[in-house]
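Remarks on the structure that follows.
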Amino acid sequence: MIVPEIRIRAARLADERALAELDRTAWSPLHAVLPAPEGDEPFYDERHLPEHYLVAELPDTGVVGFVRLVRSVPLPSNAHVRQIQGLVVGEAARGKGVARALVRAAMDLARRQGATRITLRVLGHNTPARALYEAEGFAVEGVLPGEFLLEGTYVDDVCMGRSLN
């Protein structure tokens with residue numbers, strides 16, 4: 001069921017507590033390569049700034065998801081590329097179109113920033129995320145076999161991208 005009342009907006013410093021809690025409760029080895037976040041870790045830091053995030057809100061629920069959009073390579077020759085480096089949707093909001101709305105909003109923001117291309121990396125075993133990205137026009141551009149060892153299993157790192165034109 002798609003919820004038409006999904007509101008996507010730029011993250012604010014005041015969102016830090018809600019985003020940190022969402023990140024903690026949504027953590028899963030299906031999509032995470034880092035250990036589960038602890039309760040006292042800050043969400044924002046010098047590499048993860050509020051301006052890197054878009055948040056999704058539902059009426060009467062508040063923040064239910066976020067996407068991080070950044071320049072992955074800080075060189076002028078790569079200024080036309082943006083990368084999604086994190087997409088999280090809370091369990092209660094899954095299946096309602098929140099992730100799709102966040103991906104589309106990230107692509108729109110990337111275009112407004114002058115990007116002509118967008119990329120991401122997704123774990124090979126994350127079938128739901130891969131299906132979403134493929135439905136939104138992303139194609140597999142490379143695979144790093146066995147790039148991560150997660151819970152005793154080697155997992156591929158799948159590089160995906162698409163044009164924004």
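Observations on the model:
- Test: V63 is of a type outside the set (F, W, Y), touching an Asp or Glu at 6+ places or on another chain (Cβ under 7 Å) and not in a loop (DSSP other than H, G, I, E, B): yes
- Every residue from the range 12-31 that is part of a helix (DSSP H, G or I) and either open to solvent by less than 50 Å² (accessible area, probe 1.4 Å) or of a type outside the set (A, V, I, L, M) (or both): D15, E16, R17, A18, L19, A20, E21, L22, D23, R24, T25, A26
- Pairs, first of a type in the set (D, E, K, R) in the range 108-125, second not in a loop (DSSP other than H, G, I, E, B), C-beta under 7 Å, six or more apart: R117/V81; R117/G161; R117/S163; R121/D157; R121/V158; R121/C159
- Qualifying residues in the range 32-46 (those that are aliphatic (A, V, I, L, M) and surrounded by 10 or more Cβ atoms within 10 Å (Cβ to Cβ)) - the one farthest from H125 (Cα to Cα): A36
- Residue-level check: of (1) modelled with pLDDT of 95 or more; (2) open to solvent by less than 40 Å² (accessible area, probe 1.4 Å), A93 misses just (1).
- Against the numbered list (1) out of contact with any Lys or Arg (no Cβ under 7 Å at 6 or more places or on another chain); (2) in contact (Cβ under 8 Å) with a residue 12 or more places away in the chain; (3) among the basic types (K, R), R47 comes up short only at (2).
The values are calculated or read from the model by the stated rules, or taken from the named source; none is laboratory data. Keep in mind it's a predicted model, so treat the numbers as computed, not measured. Note that we place each Cβ from the backbone using ideal geometry, even for glycine, and neighbour counts take in every protein chain shown. Note: areas computed on protein heavy atoms with side chains; ligands, DNA, RNA excluded. Shrake-Rupley method; radii C 1.70, N 1.55, O 1.52, S 1.80 Å.
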